[in-house]
Structure formats: structure tokens, C-alpha cells
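Notes to accompany the following structure.
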Amino acid sequence: MAKATDTVEMGTGDVFKDLGLEDAQERRLRTQLAMRVNDLLAARKLSQSAAARILGIARPHVSELHNYKQSPLVPHEIYNSVHSCQEALL
């Protein structure tokens, strides 16, 4: 019996885009924010409440980001939070 071969496609580097999700860019931003929030929590040894004050978002959103859940932040809140997080890490 002949062996079947699988075709492997090179990804774009954006898993959300590769999956064909309509909101791929927003999901990528949310994931980047989650990574920065976790960096901030670890680097500064902050509580989620303290991080929420720095980022200007509610503590439950920090928890969702910390756990890589897709939080309901709207795009401008995501941008503002990423900016705040970057400044806090400097």
C-alpha cells in the first residue's frame, strides 16, 4: 500500500489570520496586551487590582487578560491599555 503524504503550508505568523477569523487583528492585539499584562504583573510583582489602576481598566478585565481570555475590551481601550502597559514597564 502506498504511503499518503500530507501537505504542509507555511503560516503567516498570525494564527488568527491563518484560521480565517474575521477579527484576527483585534484578537492579535488582545493577545499582545495579555502578554504585556503578564509581563507587568511579573516585573512589578503587582496585584491585578494595582495593574488595573495602571492600565485604566476594570480588575476583571486584567484577570481575563492574565488568563489569555478574549476580554470584551473595545479596540481603543486595548490600544490605550497596551500604551499604558508599555510605559509602566519602562
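Derivation of every value follows stated rules applied to the coordinates shown; laboratory data play no part. In this text, all values refer to a predicted model and were calculated from it rather than measured experimentally. In this analysis, Cβ positions are derived from the backbone assuming ideal geometry, glycine residues included, and neighbour counts consider all displayed protein chains.
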Taking the range 40-55 on its own, how many of its residues are more than 13 Å from HIS66 (Cα to Cα) and not in a helix (DSSP H, G or I)? 1
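Residue-by-condition table, conditions (1) loosely packed, with under 14 Cβ neighbours inside 10 Å; (2) part of a helix (DSSP H, G or I); (3) touching a residue at least 40 places away in the same chain (Cβ under 8 Å):
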position	(1), (2), (3)
MET10	yes, no, no
GLY13	yes, no, no
LYS17	no, yes, no
GLN25	yes, yes, no
ASN38	no, yes, no
